Amino acid sequence: MTVNEQHRQVEVARDLSAQARTLVHSTRDVPAPFDSYTLLGELVATVDDLEQVCRQLGTWHSAVIDGQHYAGEDNRGDGATGTVTAAAELERAAAALSAASAALRDAHSANGVVRWFDQV
């Protein structure tokens with residue numbers, strides 16, 4: 001069961017980033033080829049979760065109120081507010097993650113028909 005870690009959001013994000021960096025360094029090769037199927041499945045789930053995080057943060061940015069959640073903004077000169085722009089960009093990121101998830105699902109499906117050796 002997942003625990004609500006709302007009070008630790010930044011710490012959880014840092015942990016996720018550190019784990020992702022570890023995965024980056026460990027996937028230059030796949031010593032157990034049959035693990036590639038499970039790895040792709042886990043990546044699909046992770047990207048889906050990141051998409052949801054972006055959508056939720058975008059929704060939150062859309063709802064914040066000047067003077068209640070923040071104390072004004074520096075003038076950017078383009079007429080857009082930082083919160084509105086952040087919400088729009090988070091939606092754009094969520095859409096990109098959705099596309100990435102679809103590609104990962106396709107890779108996962110394609111990988112599923114390969115008869116991998118248990119070891120090299």
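Just one of the numbered conditions (1) touching a residue at least 40 places away in the same chain (Cβ under 8 Å); (2) more than 26 Å from Glu5 (Cα to Cα) is not true of Glu51: (2). Filter region 65-116 down to the residues that are modelled with pLDDT of 90 or more and part of a loop (DSSP other than H, G, I, E, B), then identify the one that is surrounded by the most Cβ atoms within 10 Å (Cβ to Cβ). Across region 65-116, the extreme among qualifying residues is Trp116.
Give region 45-64 a look and list any residue that's more than 20 Å from Ala13 (Cα to Cα) and part of a helix (DSSP H, G or I), or say none. Of everything in region 45-64, those that are more than 20 Å from Ala13 (Cα to Cα) and part of a helix (DSSP H, G or I) turn out to be Ser62, Ala63.
Residue by residue, here is whether (1) of a type in the set (D, E, K, R); (2) in contact with a helix residue (DSSP H, G or I) (Cβ under 6 Å, 6 or more places away or on another chain) holds:
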| site | (1), (2) |
| --- | --- |
| Thr2 | no, no |
| Tyr37 | no, yes |
| Glu51 | yes, yes |
| Cys54 | no, yes |
| Ile65 | no, no |
| His69 | no, no |
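The values are calculated or read from the model by the stated rules, or taken from the named source; none is laboratory data. Quick caveat: nothing in here was measured; it's all calculated off a predicted structure. When we count neighbours, we look across all protein chains shown, and the Cβ atoms used for this are built from the backbone with ideal geometry, even at glycine.
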